[in-house]
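Since every read-out is calculated from the coordinates, none of them should be taken as a lab result. Just so it is clear, the structure is predicted and the values come from calculations on it, not from any experiment. Every residue, glycine among them, receives a Cβ derived from its backbone with ideal geometry; neighbour counts consider all protein chains shown.
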């Protein structure tokens, strides 16, 4: 959906990067098999992290084999094969995307509407399947999406209040990763801060665009931006506020992260939590997080 | 019921300020935090209730008994509720803690109110508001260690601290100066100048 939660490749071991890619590949294939071809196009790195957390906390039987991929048909690459490790991430992904696209259909500009309108029918069957397995989660996400929309209609809420529903969505999603009551609580908090991180990143990333088009943006309200073009000082003010908010968020995220009982893949998750997420925000902070730069940084 | 003035150790002729000060001292003395792991906790608790009730009553008398003591509980100076708020926060009952806090009107908001409000926000994950409240609390009462500790932790986090970071040496703060290509050239030219001063040369062309 957003893809802000991703690894920082320059600091990864080659074998870790191979695994990371293999998980992404495996998840993509899983979604294709389970929910149809179009669901694969909606996959983002956020859910790769969810799958990795799942595999870190719970022991699954997994294996790797070499497979071809439609995006890069010329070469074979490592792909994760697992019976159950990817199930939950795929389900959570389709549930979240379904509601997100529904939201776009109602709110976004023409482009977003058309995209959502075209993809949604292909996802319906998949969504129903996933909802059958995680009915409570699907309902919670749906009501939180509504809450987010409601809170964004208000013009005098605090920045934290705008973050709340989105953060809660990730809280719900993350808390399913363990059956242990204590771990569940920690995972919930951990997820909350992941959601908060994503929301703040998204707000800053879209700020200039939202100003231009007159869309809602929590930063616009916080700093009372009314012009269509943001002056550099104004943007500076907003991004520094975001930097502090992100740092506060990441510190709390880390407090909960260290309490998680990870049995596998810890170095990869460490990379994502301590380096990757901050790197993504830095790119946004410096306004270099457009498609090209992002790919340069990760795929070169 | 005991004479409320005796409970607080003041005389009926004392000023409001003096009574508030006496009350504050007693609250500090019998605060449940001081007796968290002690068998005296229950006694302190009882004493605390007695002090709160006495203070409530005196304040009511002085206001001409305009309010019944049950209904005023949450809307004037003093901490009868703050003790309860702390209990709620500790037990994770954030909604109740917050509802007591929001009952306090602006003119009675003291440093402790801001600190507790900050704690409520912090527990909720509303970190920006938590930080602002801790800051206000600390500004209003700079000598309080509790407020200062909370603010310090927030300030450390704002600077980018993360618990358990295996590679803190990679500073990912975008404002921090790194070693760029520019820095390297500058360094070389400086070194060259130094060499030339001493009669040598590092970069022959300049």
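Annotations for the structure displayed:
- Cα gyration tensor, chain A - rounded (a/c under 1.5), prolate or oblate: rounded
- Hypothetical label at residue A:213: residues of the range A:114-135 whose amide nitrogen lies under 16 Å (7 Å Cα-Cβ projection): A:114-118
- Nearest-0.05 FRET efficiency for residue B:3 and residue B:36, computed from C-beta distance (R0 30 Å): 0.45
- If a spin label sat at a point 7 angstrom from the Cα of residue A:103 along the line to its beta carbon, the backbone N atoms of the range A:186-223 nearer than 12 Å would be those of A:195-196, A:198-200, A:202-203.
- Global form of the range A:126-222, assessed from the alpha-carbon gyration tensor, a/c cut-off 1.5: prolate
- Segment residue A:72-residue A:110, extension gain: residue separation times 0.36 nm, minus the distance between their alpha carbons: 10.6 nm
- The Cα atoms of the protein assembly as shown give a gyration tensor whose axes a ≥ b ≥ c have a/c of 1.5 or more with a/b greater than b/c, which makes the shape prolate.
- 10 Å Cβ neighbours from other chains, averaged over peptide A:242-255: 6
- Mean-position separation - Cα centroids, the range A:210-230 and the range A:20-76, in angstrom: 37 Å
- Full extension of the chain between residue A:290 and residue A:232 yields a length gain of 19.0 nm, computed as 0.36 nm times the residue separation minus the alpha carbon distance.
- Put in line by how crowded their Cβ is, counting other Cβ atoms within 10 Å and starting with the fewest, B:140, A:55 read B:140, A:55.
- Folded to 0 to 90 degrees: helix A:135-153 orientation relative to chain A principal axis, Cα: 20 degrees
- FRET efficiency for the residue A:180 to residue B:156 pair, using the beta carbon distance and R₀ = 30 Å, is estimated at 0.50.
- Relative to the longest principal axis of the Cα atoms of chain A, the long axis of helix A:14-35 lies at roughly 90 degrees.
- Cα long-axis angle, helix A:181-213 against chain A (0 to 90 degrees, to the nearest 10): 50 degrees
- The range A:133-185: relative contact order in percent, alpha carbon pairs under 8 Å with at least 6 residues between: 35 percent
- Taking A:8, A:38, A:190 and counting other C-beta atoms within 10 Å, the order from fewest to most: A:38, A:8, A:190
- Extension gain (nm, one decimal) between residue A:224 and residue A:58, 0.36 nm per residue minus Cα-Cα: 55.1 nm
- Taking B:26, B:202 and counting other C-beta atoms within 10 Å, the order from fewest to most: B:202, B:26
- The range A:130-180 and the range A:235-291: distance between their alpha carbon centers, rounded to Å: 20 Å
- Radius, Kirkwood style, for the range B:87-161 when every pair of distinct Cα atoms is counted (Å): 12.4 Å
- Take the Cβ atoms of residue B:21 and residue B:107, set R0 to 25 Å, and the FRET efficiency comes out at 0.85.
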